[in-house]
Structures are given as C-alpha cells and as structure tokens.
Amino acid sequence: MKQKGLFDVISPIMIGPSSSHTAGAIRLGLMARAIYNNSINCVEFTLYNSFAQTGKGHGTDKGLLAGILGHRVDDVKTKNIFSIADIEYVFNYKEDLSRHPNSVDIKINNEMMISGDSIGAGEIKITSINGFSVNLAGQYHTILLMYKDKPGMISQVSKIIQDKSINIASFHCDRDGKGGTASMYFALDAEPVDSIINDIKRIDDVYFVTKVRKLD
Amino acid sequence: MNILTFEELVNECNTRNKLIHEVIQDIEASDNDINVDEVRQKVKIHIETMKSTIKIGMTSSEKAISNWCGDDCEKLQVRYSHHRALFGKLFEKIITYSLATIEENLRMGKVVACPTAGSCGIVPAVIIAVSEDYNYDEDTQINALITAGAIGAIISNKVQLAGAVAGCQAECGVAAAMCAGALTQMLGGDISQILNAVALAMKNLLGLTCDPVCGLVEVPCVKRNPILAIHAVTSSELALAGIESKIPLDEVIDAVRQTGQLMSPMLKESSLAGLATTKTALELKEKIFG
C-alpha cells in the first residue's frame with residue numbers, strides 16, 4: 001500500500017458534502033471523460049446501491065455530470081450543473097448487492113461503457129471498460145489499449161514506452177478469449193508524449209489506444 | 001512519507017534536531033521532487049481556502065439539498081450579537097467558524113476535506129480563530145496545518161480514515177486529534193505535549209459511531225464539528241499543563257483500530273442502526289427520499 005502523504009490527509013479542496021459521494025463522483029466522471037477522450041454528446045449514468053439511495057442528497061448525480069463535462073472537484077459550478085450542461089444525460093437508479101456500495105456505470109455516446117467505484121475519502125477505481133476488467137485509480141498516467149489477442153503485442157508496446165525512457169509502475173492485461181479482443185494498460189511514472197500513442201496506434205491489430213492523465 | 005508510527009516521528013525529529021512540521025515538509029518535498037517552499041505554498045492555498053469557506057459560510061443560511069440543515073451558524077451569530085458566550089469571544093469564534101465551514105460543505109460549497117468532508121470544520125476553525133486572536137502570522141498557521149496533516153497521515157497507517165471502516169472516531173475523531181496537536185504546537189508546546197494532546201483527544205472519542213440519518217452528511221455530523229473543536233481545545237489545554245496520557249499515543253491508535261474492527265458494520269456509515277433508525281430519522285427519510 002502506498003504510504004499516505006500530507007496532502008492525502010489535508011485534501012482535497014472540494015465541493016461538499018461528501019468525499020465519497022460528491023468528490024468521488026466527480027472524479028469518476030473525470031476519469032470516464034479522460035478514458036473516452038473524444039467529444040461527448042450523450043451520457044447514461046446508472047447509479048447502484050448507496051449511490052442510488054442517498055446520491056440525490058449528496059449531489060452524486062450533479063458530481064458525475066460535472067466530471068463528465070470536465071469540471072474539477074473544487075469547481076463551484078457543480079452545484080448548478082443541471083442548468084449549464086449542454087449534453088443529453090439520463091440517470092438510472094438500481095440495486096445490485098454484488099456491486100460495491102458506491103458504484104456507477106457510465107455509458108458514453110452509446111458506444112463505450114465505463115464502470116467504477118468510489119472507494120472512500122474521494123478515492124476512486126475504474127473497474128471495467130466495455131466489459132474488460134481494469135483497475136484504474138487515477139494515481140498514474142496510464143496508457144490503455146484494446147487489440148487483437150496475439151503473440152508479441154506486450155513486447156511491442158512496452159518497447160515503444162521504454163524507448164522514451166519512461167518507467168512502468170504497473171501493468172495488466174486481459175482478454176475475452178484466445179485470439180479474441182484483449183485489453184492492456186500501463187501505469188507510468190511520467191506523462192507519455194503523444195508520439196508514444198501514435199506509435200502504438202500504428203501497430204497492426206490495435207483497435208483503440210488512449211492515454212489517461214492522472215487525476216490532480 | 002515513510003514514518004509509520006508516532007515513536008518513529010519522535011525519533012526522526014530528534015535525529016534531525018527539527019520540529020514536526022520541519023521534518024514533514026522536508027519529507028513531502030523529497031517524496032514529490034519539489035522544494036520545501038512549494039510544499040508550504042500548497043499548504044498556504046489550503047489555509048486561504050479554509051478562510052474563504054468560513055467567510056462565505058458565515059453569511060449564508062441557505063439550506064442543504066435535503067432542505068433540512070444549514071441555518072445553525074446564523075442562529076449562533078444572532079445569539080452572540082447580544083450575548084457573550086460563557087467562555088468568551090474566542091470560544092464563540094471557534095464554534096461559529098466550525099459551523100460556518102461544515103454548513104458550507106452541506107450546501108455544496110468549496111471546502112478542504114480535513115481529513116474528510118464530514119469533519120472539515122474542526123481543524124480550520126481552531127487554527128484560524130486562535131491565530132486571529134493571538135496575532136499568529138501565516139507561517140505559524142502553515143506550520144500548524146502541516147503538523148495536523150502529519151498526525152492524520154500517521155494515524156491512517158493503522159486506521160483508514162473512513163466512517164465505513166472505523167466509524168466516526170476515524171473521521172471527526174481523527175480531525176479532533178489532528179486539531180489538538182496542531183493547536184498545542186501553535187501555543188508553544190513541545191513534541192511530547194503535542195503527542196499527549198493528540199492521545200487525550202483520540203482516547204476520549206473511542207467507539208464514536210457513524211450513523212448518519214438518511215445517510216447524509218448532516219445529522220449528527222454538522223453539530224459534531226463545533227463540539228469536537230472544543231474537545232480538541234480541552235485536550236490541548238490539559239497537555240500544555242504537562243498532563244500526560246497514561247497510554248502512549250501509538251497504543252491509543254492501536255485501540256482505535258481494534259475498536260473500529262469490533263464495531264458492528266451497522267454503526268459504520270451504513271445507516272442501519274443508531275440515530276439513523278430512530279423513529280424521527282425514518283420519518284425524515286420517508287419525507288426526503290419517498
């Protein structure tokens with residue numbers, strides 16, 4: 001476990017009232033926005049369990065929408081986000097006890113489904129993207145890609161990262177079946193330059209690649 | 001920050017011959033590849049945000065989204081406009097600043113979580129009110145907030161600072177402990193007095209439940225903030241007199257952790273017992289959420 005620092009305790013500077021239900025919600029929205037990394041026209045949020053039951057009283061719905069629109073956790077505009085949001089949005093509320101108490105599915109432009117949990121004290125975890133399990137907490141700059149499962153992909157991608165002398169803090173991959181669609185992500189100690197993303201894009205059978213900046 | 005216990009903190013201070021905030025700001029700088037001035041600048045922004053939250057909170061009586069809490073700070077100020085508090089003006093200021101901060105939190109205003117949003121009105125109320133009355137400069141306030149953060153960070157090595165994990169002892173309880181230590185430092189206490197203040201504050205909040213009505217950060221969180229701000233001051237006064245916690249601080253924190261583990265999940269932010277399931281609470285829940 002990462003040792004807590006001064007600003008893990010005296011922080012974040014945030015919009016109230018709850019670090020898990022408000023700041024966490026905003027950060028989940030911000031992460032989803034960073035992962036999608038394209039213009040957003042419509043979003044469908046499905047809130048689960050405690051997020052669904054007490055979310056309204058905590059502004060969880062406002063926080064999720066504010067995050068999707070790129071507002072930071074300390075942006076006072078969050079309070080009135082419904083009157084300034086210029087995208088289509090809908091909220092569903094469900095109970096599913098197999099999910100984390102503070103959990104949400106975020107469907108963007110009907111083409112990407114991102115799920116995440118708010119795990120306490122404003123910290124969050126993106127748990128799946130389009131059905132692939134991931135574990136992104138926003139603590140590192142991350143490169144995320146989807147590709148055809150075949151030999152040699154990991155070494156090709158890691159070589160591109162290594163050529164820029166960026167240290168890899170952690171790495172994970174998953175696939176829906178042998179030879180099927182696979183996902184891979186690298187947590188990095190430095191922000192990757194755009195040329196890394198472009199080089200990865202040029203590898204055969206890479207369907208999708210994006211970089212997700214770490215959350216402030 | 002690679003200091004896991006308060007004993008290690010004392011050793012580190014002694015080895016380097018430095019005060020708590022000096023040791024911590026050095027470590028924070030080296031952990032993040034920045035210089036000490038940049039660390040202090042960041043803390044300064046937090047202090048400024050705390051001050052602005054107090055200012056805004058004192059002039060608002062807007063209710064929370066639940067239309068339930070939010071006008072208590074106004075009531076307090078009305079009383080103090082024609083009555084003096086029993087313990088004088090500084091006491092008035094501390095509880096007023098505390099309510100102003102926590103009420104800004106519930107109306108979706110900007111606050112500094114310290115350590116959490118539901119406990120954000122304890123540390124700033126005391127540091128800022130005392131600094132105003134004793135003319136403590138900005139550097140003294142920055143030193144105090146760094147010390148408060150260090151205390152919270154060391155506690156969090158053993159106790160996750162979340163009501164769902166260890167009850168309110170880990171939120172408002174830890175905030176009061178951080179506050180007691182920071183105040184003791186501001187008033188000139190030495191490291192032993194600082195740690196005793198933390199121990200005394202923490203020890204007397206063991207087992208504090210987190211049973212928020214309707215699951216909202218409103219009841220009992222709002223009033224708990226000013227009440228525990230004064231609890232922190234009491235702990236600090238005792239410690240400054242050289243009164244010691246017979247149980248050393250690290251052992252007190254072990255007790256916080258064990259108590260948190262033994263507390264029923266029904267009393268840890270699930271709103272399944274305690275205040276949250278009283279008759280009135282359930283009626284309010286029906287009214288707010290239907």
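The residues in segment B:144-193 that are assigned to a loop (DSSP other than H, G, I, E, B) and either within 12 Å of another protein chain (Cβ to nearest Cβ) or under 11 Å from the mean Cα position of the chain (by Cα) (or both) can be counted, and the count is 8.
Candidates in segment B:1-40 are the residues that are among the acidic types (Asp, Glu) and facing chain A (nearest Cβ under 10 Å); of these, the one that is most open to solvent (accessible area, probe 1.4 Å) is B:Asp31. The set of residues in segment B:146-189 that are touching a strand residue (DSSP E or B) at 6+ places or on another chain (Cβ under 9 Å), hydrophobic (A, V, I, L, M, F, W, C), surrounded by 24 or more Cβ atoms within 10 Å (Cβ to Cβ) and touching a residue at least 60 places away in the same chain (Cβ under 8 Å) comprises B:Ala166, B:Ala170.
Segment A:1-96 holds helices (runs of 4 or more DSSP H) entirely within its bounds, and those carrying 1 or more residues that are in contact with a helix residue (DSSP H, G or I) (Cβ under 8 Å, 6 or more places away or on another chain) and polar (S, T, N, Q) map to A:49-58, A:60-68. The set of residues from segment A:115-125 being of a type outside the set (A, V, I, L, M, F, W, C), buried (at least 24 other Cβ atoms within 10 Å of the Cβ) and assigned to a strand (DSSP E or B) comprises A:Ser115, A:Gly116, A:Ser118. For segment B:211-234, the criterion of being outside any helix (DSSP H, G or I), among the β-branched types (Val, Ile, Thr) and open to solvent by less than 30 Å² (accessible area, probe 1.4 Å) is met by at least one residue.
Return yes when B:Glu104 is over 24 Å from the mean Cα position of the chain (by Cα), crowded, with 17+ Cβ neighbours inside 10 Å and acidic (Asp, Glu) and no when it is not. Considered against the rule, which asks whether it is over 24 Å from the mean Cα position of the chain (by Cα), crowded, with 17+ Cβ neighbours inside 10 Å and acidic (Asp, Glu), B:Glu104 comes out as no. Hey, any hits in segment A:124-134 for a residue that's at positive phi and modelled with pLDDT of 95 or more? No, there is no match, as no residue in segment A:124-134 is at positive phi and modelled with pLDDT of 95 or more. I'd like the full set of residues that are crowded, with 24+ Cβ neighbours inside 10 Å and either among the hydrophobic types (A, V, I, L, M, F, W, C) or more than 7 Å from every other protein chain (Cβ to nearest Cβ) (or both), limited to segment A:1-20. Within segment A:1-20, A:Leu6, A:Val9, A:Ile10, A:Met14, A:Ile15, A:Ser20 qualify.
Could you tell me which residue of segment A:149-174 is farthest from A:Asp204 (Cα to Cα), considering only residues that are out of contact with any helix residue (DSSP H, G or I) (no Cβ under 7 Å at 6 or more places or on another chain) and touching a residue at least 40 places away in the same chain (Cβ under 8 Å)? By that ranking, first place goes to A:Asp174. Considering only segment B:41-85, state which residues are open to solvent by less than 60 Å² (accessible area, probe 1.4 Å), within 11 Å of chain A (Cβ to nearest Cβ) and in a helix (DSSP H, G or I). Hits for segment B:41-85 are B:Val43, B:His46, B:Ile47, B:Thr49, B:Met50, B:Ser52, B:Thr53, B:Gly57. Return yes when A:Thr78 is open to solvent by less than 10 Å² (accessible area, probe 1.4 Å) and more than 13 Å from the chain's Cα centre (by Cα) and no when it is not. Taking the combined requirement at face value, the residue satisfies it.
When A:Ser128, A:Ser103, A:Ser98, A:Ser50 are checked against the criterion of being without any contact (Cβ under 8 Å) to a residue 12 or more places away in the chain and either more than 26 Å from A:Phe7 (Cβ to Cβ) or buried (at least 23 other Cβ atoms within 10 Å of the Cβ) (or both), a single residue qualifies: A:Ser98. In segment B:238-250, the count of residues that are without any contact (Cβ under 8 Å) to a residue 12 or more places away in the chain, closer than 20 Å to B:Asp190 by Cα, of a type outside the set (Phe, Trp, Tyr) and open to solvent by 30 Å² or more (accessible area, probe 1.4 Å) is one or more.
Checking each residue in segment A:24-55 for being facing chain B (nearest Cβ under 7 Å) and not hydroxyl-bearing (Ser, Thr, Tyr) picks out only A:Gln53.
The values are calculated or read from the model by the stated rules, or taken from the named source; none is laboratory data. Treat the numbers as computed from the prediction; the structure is a model and nothing was measured. When we count neighbours, we look across all protein chains shown, and the Cβ atoms used for this are built from the backbone with ideal geometry, even at glycine. The accessibility values were calculated without ligands, DNA or RNA, using every heavy atom of the protein model including side chains. Shrake-Rupley method; radii C 1.70, N 1.55, O 1.52, S 1.80 Å.
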